[in-house]
Each structure stands twice: as C-alpha cells, then as structure tokens.
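Let me begin by presenting the structure, written as structure tokens, before commenting on it.
What follows draws every value from the coordinates through simple rules; no lab data is involved. Please read all numbers here as calculations on a predicted model, not as lab measurements. Neighbour counts run over all protein chains shown; Cβ positions are idealised from the backbone, glycine included.
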Amino acid sequence: MSSEVSQNLEQDAVLRASIDRSLRHPVMFFLTSGAAWLAVSIILGMISSAKVHSPDFLDSCGWLTYGRTQAAHINALIYGWGFQAAFGVIIWLLSRLSRQECRAAGLILAAGHVWNLGVFVGILGILAGFGTGMPWMEFPSFCWPVMLLSYFAIMVWSLVQFKVRPEGHVYISQWYLMAAMIWFPWVFITANVLLHVIPGNPVMAAGINAWYKSSLLFLFFTPVALGTAFYLVPKVSGRPIHSYSLAQLGFWSLAVIMPWAGMQKLTGAPIPYFLPYLGATATILFFIPALTAAVSILRTAIADPEIASHSPTLRFTMAGIVGLVVMAVAAVFLNIPGKTLELSQFSMSGYGFEILALYGFFSFVMFGAIYFIVPRITRREWLSRRLIKWHFFLSTYGVSLIALVAIFGGLQQGIGQEAFDQPWSEASQRAFPYAVLITFIWFFIMLSNIFFFMHLTVMWLRLGRRSTHPTLLVSDHHGSPHGEDGDIDNAGSMTASAH
C-alpha cells in the first residue's frame, strides 16, 4: 500500500513539473509585464495627484494634463497590471486544477504581446488626447476589438483544459475563475457595442459606462481574486476550506446581486427614478458575498497562525481578503441614498474606493499568488526575504492610507460641492490637503513596487536561489519547511474543498 501511495505521489510530482514547465514563459511574461505596467500606473498616479494640488506642475507638457494622466493611470492599472496578473494566475491555476499541460504556450505568448501592444497604444492615445472620456473605457475606440481577440486567444485554452479534465470534483476556485472568464466577454462586448458600434442617447451611454465599471470590478476582478484565494489558502495551510457551503453562498450571491450595480452613479440624472436606487442597493448588498467568502477564507487561514505569520503568500492573501471586507464596508458607507451617495458621487471618494478594490483587495491577492507560483515555474526560490517584507509593509500601509485619505477627503470635497451658496473653490480648498497627502503616499507605494518588479525580473532570469525551503517572512525556528513546500494538487490526497 505504501509503495502504491509513493508511486502515485511521484507521478503527481512529475505531472506538476510538466505543467509548470509548459507554462513558464507565458505566465512569467504576463506577471512581469503586468508588474512593469503597475509601475507605470503608479508614476502616472503620482503625476495626476500632484496636479490636483499643484496645477502648474508639468504644465508646459500638454500630454500630461490632469484629465489625461488620471485616465492613463487608471487604465494602466486595470488593463496593464490587473488583467495581465489575472491572465497569468488563471492559466496556471486552471492547468493545475484540470491536470493538463498547456499545449498552446506559443499562441498564448503571442496573444499576450498583442494585448500589451493594445494597452500601449491605448495609453499613448489617452495621453495624446484621443481618449473617449468614458471612465475605465478611455482607450481609443479602435483598441477594444484587438484586446477582445487577444483575450479569447489567451483564455480559450483554459476553457478547453477544463472541458477535457479528468472527471471529478469541480473546486470552488474553478467556479469563480470560470465565471470570471465568461462574464468578462459578456460585459466587455455589451458595453463596447452599445457605446461604439450602435451608440444611442448620451444619458444612457453614461449609464452603460457606469454599469461597465461596476461589472468589471464585481464580475471579473472580484471572482478572480476570490477563486485564487480559495486555492492558495487551503494549499498553503494544508487545511480544508472552513465552510464549503459559505463559499458556495458567496459565489451565487455574487452572481445574482452584482450585475445590477453601477447605476447609482447617475443619481439625479434624467433616467428612470428606480435605477440609481437599484444600483445603490446592489452595491450595498455586495456585503453578503464579500463577508461569506471572507469568513470562509480567513477561518481557514488562521487555523494555523504560525504558517499564516511566516508565509508571504498567506500574508498577502489574508491582507487582500481583509481589504475585501473593508471594501464591502466602504460600499455600504458610500452608497446610502440621501446621505453619502450625493457626497461621493463626483468627489475623490470614488477614486479611493477604486484603489481600495483594485489594489487593496485584488492586487494583494495577486501578489500572494505570484509569491506562490513563480518559484514553482522557475524552479528557483525568491532571492531576498527582506525585499518581500518591504513590499508587503510599504504596500499595506500605503494603500490603506490612500483609500482612507481619498474616501474621507472626498466626503469633505462633496460637502463643499453641495454648498450651493459657496464658490466652487471652497470644494477645492477642502480637498487640497488630502490630495497633497495622496501624492506623498504614492511615492512610497512606488518604492515597494520597484522592489517587487526587480525581484520578479530576477526570478524570470532564473537568478533566484536554489532551495528546498520556501522563502519565509521570518526564519523557521523548527527547522522544517512550512505549508508552501507541500505542493499536492491531487484531490484524493486532501479533502476536496482544499484541492
């Protein structure tokens, strides 16, 4: 019996190694190029933030006006970093969970270059003044068909792998990841066709744009991050998911509630009266899927506090899930009709919420996945524990402060905007100190991501150290490797929920 188990484990290790080898180049390309775009986004964010409180900053360059740099900053964060991090993580996770090698690495890599070209041209188009002016959709209109085709070329192979996988349990991670892969084309095609191909009433165009922003956040980035967390936490901790029922409730509530969100941003516009209230209600109800998923993931992670404190993967993932809970609380707080919704509608509070969601939640989970995945596909360990610690602490404190400052500074700005008997400059003066602080904080986040990008590039060049132990945030005083070294994907060797 023991010899049979040993043989199965050996075969499983060989299969994992072959999967990792087949995905090394496309996964590392997406993660490294995504990290580079993240650095570009942060630099643009610093410039746009500086121009809020110092309009004369770089005023001699027409390409770097506030309207252009702010749009380029958000789009680089979403399409340059967010999507590419998601691509790298999704194709690796679904290959592992489907027990299938990647047979189209070259095509995926080529499509990844096309995606990057689309992002590059889109960012240049925004900075050159050819942006559409629609938030999160500012790329010139000719970019979206190219990006859609490259998306299909990248992701269709993961769908094929899921289809031909060995029969067995479908993990909750696969639920979330597959749903995100299917929801995105629906949202992307619907919004772009209605806005660029058959445009209609401008008011409803604004509504479609608001729905697109909300759907991209709640129906793509959120399920990708949750699916990744549901894989990483049981894997690293070596424990089954705390409550599979809660995880399923979180998935179905996300699927049912969140397609209705977004229209609350059009409060006061000449649209059917119930639509803003429907959008506000759906956004507030995001608390349900967020809390159920967070409870299940965090209860699994803290089952062994020692591993949670040592593992970079768990540190980042748990911080991201805490960010999800804070994001859900902020969604409730900022979308109360008749109270905070009017104050946050046209202020920097919306920006604070977006950074909290895209960086404080999604990006932290992606960082955790990268620290887990990269050593497996490069067969090297991370070079420096200290760089990982700096990345974690600077990012944690930085994004927390930006979200807090922007949300509450935006509320002060909104109070000034609602004071109709006062000059508009009153609102600007209220936001001034908060904008200065945001610029200062972005500088520290930029430092943390320089560390991250350099570290990741070294790993891609396979200059990392050879080791049989995982890189830990603190040394292991017990002399044995922690959960990150245990790399078992065989569902038969663990409970199904832990995959």
What number, in percent, do you get for the relative contact order of the chain if the mean sequence gap of Cα pairs under 8 Å and at least 6 apart is divided by its residue count?
17 percent
Contour excess over end-to-end distance, with Cα ends at Ser60 and Leu107 and 0.36 nm allotted per residue
12.6 nm
Region 50-203 - percent relative contact order, Cα under 8 Å, separation 6 or more:
27 percent
I need the peptides 217-225, 174-182, 199-207 ranked by packing, meaning the mean over residues of other C-beta atoms within 10 angstrom, with the highest value on top.
217-225, 174-182, 199-207
Which angle from 0 to 90°, rounded to the nearest 10, does the C-alpha axis of helix 274-284 make with the longest principal axis of the chain?
40 degrees
Using a Förster radius of 51 Å, what is the FRET efficiency between Phe443 and Arg379 based on their Cβ-Cβ separation? Nearest 0.05, please.
0.90
Among the listed pairs Lys163/Lys213; Lys213/Lys389; Lys213/Lys339, those beyond 24 Å (Cα-Cα):
Lys163/Lys213; Lys213/Lys389
Between Arg386 and Glu167, what is the FRET efficiency for a Förster distance of 56 Å, r being their Cβ-Cβ separation, to the nearest 0.05?
0.75
If amide H atoms are modeled at 1.01 Å from N in the peptide plane, then the residues at a separation of 5 or more from Glu381, or on another chain, having amide H under 5 Å from its own are Arg465, Arg466, Ser467
If you take all C-alpha pairs in region 39-147, what percent of them are over 16 Å apart?
62 percent
Report, to the nearest 10°, how far helix 425-460 tilts away from the longest principal axis of the Cα atoms in the chain, using its own Cα long axis and a range of 0 to 90°.
20 degrees
Can you give the alpha-carbon Rg of region 196-244 over 2.2 N^0.38 Å, where N counts its residues?
1.88
Considering only Thr69, Leu278, Phe393, whose Cα is most displaced toward the positive end of the charge dipole of the chain, charges sitting on Cβ of Lys, Arg (+1) and Asp, Glu (-1)?
Phe393
Applying a 10 Å radius around every beta-carbon, put 42-49, 303-310 in order of their mean neighbour count, most first.
42-49, 303-310
Dimensionless Rg/Rh of region 116-199 - Kirkwood Rh, Rg from C-alpha atoms:
1.10
Hey, got the dipole for region 9-498? About the Cα centre, +1 on K and R Cβ, -1 on D and E Cβ, debye to the nearest 20?
920 debye
